[in-house]
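Written below as structure tokens is the structure these notes are about.
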Amino acid sequence: MTKDLQKEIDVHNEELKKMWTGTFKKHLVGRKITNIRYMTEKEKVDWMWSYCAIVIELDDGQKLIPWTDDEGNDAGSLYVHNSKAHDEILPVI
């Protein structure tokens with residue numbers, strides 16, 4: 001790969017990061033978490049998944065549900081990082 005092509009890819013990736021960050025900021029900044037639970041068996045079946053993911057419910061009705069990939073092929077785990085080094089992983093079940 002040439003340096004010019006790599007620079008073009010890097011610029012494009014930075015633009016994508018900026019765009020997606022802005023999109024999610026509009027949805028999430030200032031929201032309040034109202035509930036945290038695992039998917040029900042019915043939700044798992046409806047999504048045609050093998051596992052149940054954690055569901056984070058927000059005050060405006062939005063739900064954050066981790067996926068294994070960008071296509072939503074199955075439930076994904078969620079890594080929780082904090083400054084006190086008490087990191088945790090919320091696994092799929």
Determine if segment 76-89 includes at least one residue that is part of a strand (DSSP E or B), surrounded by 10 or more Cβ atoms within 10 Å (Cβ to Cβ) and modelled with pLDDT of 95 or more. no
Residues that are open to solvent by 20 Å² or more (accessible area, probe 1.4 Å) and of a type outside the set (Gly, Ala, Ser), drawn from segment 50-65: Tyr51, Ile56, Glu57, Asp59, Asp60, Gln62, Lys63, Leu64, Ile65
Taking only pairs six or more apart or across chains, which ones have beta-carbon atoms under 8 Å, a first residue in segment 20-47 that is closer than 24 Å to Glu71 by Cβ, and a second residue that is among the polar types (S, T, N, Q) and part of a helix (DSSP H, G or I)? none
Inspect all residues belonging to segment 28-38 and state whether any of them is closer than 14 Å to Val92 by Cα, in a loop (DSSP other than H, G, I, E, B) and either open to solvent by less than 70 Å² (accessible area, probe 1.4 Å) or out of contact with any helix residue (DSSP H, G or I) (no Cβ under 8 Å at 6 or more places or on another chain) (or both). no
Go through segment 3-27 and give me each residue that's exposed (fewer than 11 other Cβ atoms within 10 Å of the Cβ) and charged (D, E, K, R). Lys3, Asp4, Lys7, Asp10, Glu14, Glu15, Lys17, Lys18, Lys25, Lys26
Which of the residues belonging to segment 39-71 are of a type in the set (D, E, K, R) and part of a loop (DSSP other than H, G, I, E, B)? Asp59, Asp60, Asp69, Asp70, Glu71
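The values are calculated or read from the model by the stated rules, or taken from the named source; none is laboratory data. It should be emphasised that the depicted structure is a prediction, and the values quoted were computed from it without experimental measurement. Cβ atoms come from the backbone with ideal geometry, glycine included; neighbour counts cover every protein chain shown. We work out accessible area using only protein heavy atoms, side chains counted, and drop any ligands, DNA or RNA first. Shrake-Rupley method; radii C 1.70, N 1.55, O 1.52, S 1.80 Å.
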